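The values are calculated or read from the model by the stated rules, or taken from the named source; none is laboratory data. Quick caveat: nothing in here was measured; it's all calculated off a predicted structure. Cβ sites come from the backbone with ideal geometry, for glycine too, and all protein chains shown count toward neighbours.
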Amino acid sequence: MHSSDPTDLILLQRIVARDSDALASLYDRHSRLLFGLILRIVRDRAEAEDILQEVFVRVWTRAELFDPRLGGPTAWLVRIARNRAIDRLRARRSRDADRPPLDESIAERPAAATDIVSPEAAALEAERRGTVIDALSVLPPEQRRLIEAAFFEGYTHGELATRFGLPLGTVKTRIRAGIVAMRQRLEHVV
């Protein structure tokens, strides 16, 4: 999953040089994917739109921090989006005592409708989503629940250990084993 799209690398270099057209192009290439991820985490369309804007402001202000040795541009963008969404979710949780249930499978929730895209892009996105859902679905339930709660809902390993009544080491082992298994299944996916 550490593929490097030369177009994205060039766009990031142009963003470092303060080319706003490059930022617009990067947005066009990745906003749908990032918006879908953010929406799945925060479950609020307006909040997801705000976070998506924050992600691209961060890209504009910190593009020079991208390190290709740590993964491709898409992975970097996903990490930024996920972290911003989880930060917002945690802030909301500190304000609200109402937590979403952990046992609900995120993989089974319908994807949100976003901006109009080409049929080819929609087909590719559907194929990728299906591949990730398939990779999640073959994991043992105890791994899948922990990965979904950690990745999409922002729970820390310690919070998961408390919530599920498991030792911290067990939580870490299950999440690690599940991620390794998913990575092996998804190696061919760009």
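Looking at Ala91, Ala107, Ala111 in this structure, which one is part of a helix (DSSP H, G or I) and at pLDDT below 65?
None of the other options fit; the residue is Ala107.
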Checking Leu166 against (1) closer than 22 Å to Arg40 by Cβ; (2) at pLDDT 90 or above; (3) outside any helix (DSSP H, G or I), which single condition isn't satisfied? (1)
Yes or no: segment 131-138 includes at least one residue that is at pLDDT 85 or above and under 19 Å from Ile41 (Cβ atoms). no
Restricting attention to segment 38-49, report how many residues are surrounded by fewer than 19 Cβ atoms within 10 Å (Cβ to Cβ) and either touching a residue at least 40 places away in the same chain (Cβ under 8 Å) or outside any loop (DSSP other than H, G, I, E, B) (or both). 5
Qualifying positions in segment 4-29 - surrounded by fewer than 13 Cβ atoms within 10 Å (Cβ to Cβ), acidic (Asp, Glu) and out of contact with any helix residue (DSSP H, G or I) (no Cβ under 8 Å at 6 or more places or on another chain): Asp28
In the list Leu52, Leu89, Leu65, which residue meets the criterion of being surrounded by 20 or more Cβ atoms within 10 Å (Cβ to Cβ) and free of Cβ contacts under 8 Å to residues at least 40 places away in the same chain? Leu52
